[in-house]
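Quick notes on the structure that follows.
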Amino acid sequence: RYMITLHGNEAVNQLFHEMQQLIIRSLQAVQKVIMNDKHCFELYGYDIMIDENLKPWLLEVNASPSLTADTPSDHHLKTGMLDDMLDVIDMEEKRSGDEVQVGGFDLIFNNGHVRPSKPMSVQSCLGCYNDRVQVKQKAHREYLKNRSSNQSNSK
């Protein structure tokens, strides 16, 4: 919202689109050498600098980003991200696989670009616009609904 106030919707849309493209293209560039095992996962940390013209510059990609928290807000951010990451991994098999949002994460590429599920002033938020707790509660309600429906059908 701060960025929109300063630069307007169109400029912020363009910025987030370009950041999203940086992430997708960097992963596509190394997709043949990225570990691809359904029993493993990696967390990547992207360092992106934004210049005065709202141009994003990819500084580096960390395969093992630091999860050290120096402040309460940093701790809150990182523990929330780890919680959401475990939701994406879905070890309890609660997800259908069709989700476009999981906690604070947005699906941005699935054999092609993924559009937001609802109209938004900023078309690509890279998860920063999600209320991760609300998304998580909704997913839990859907899981419980599907579970009770499956139990009813099996009787």
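Computed from the coordinates by the stated procedures, all read-outs in this text should not be read as laboratory data. Quick caveat, the model's predicted, so the values are computed rather than measured.
Among the listed pairs Lys55/Lys138; Lys32/Lys136; Lys38/Lys145; Lys38/Lys136, give every one whose C-alpha distance is greater than 29 Å. Long pairs (Cα-Cα over 29 Å): Lys55/Lys138; Lys32/Lys136. Amide H to amide H, with H built 1.01 Å from N, Ile48 comes under 5 Å of Leu59, counting only residues 5 or more places away or on other chains. Backbone geometry of region 58-73 corresponds, through the Karplus equation with coefficients 6.51, -1.76 and 1.60 at θ = phi - 60°, to 3J(HN,Hα) couplings of 6, 8, 6, 10, 9, 6, 9, x, 5, 10, 5, 10, 9, 10, x, 5 Hz, x marking Gly and Pro. Were the residues from Glu60 through Asn153 laid out at 0.36 nm apart, the gain over their Cα-Cα distance would be 28.5 nm.
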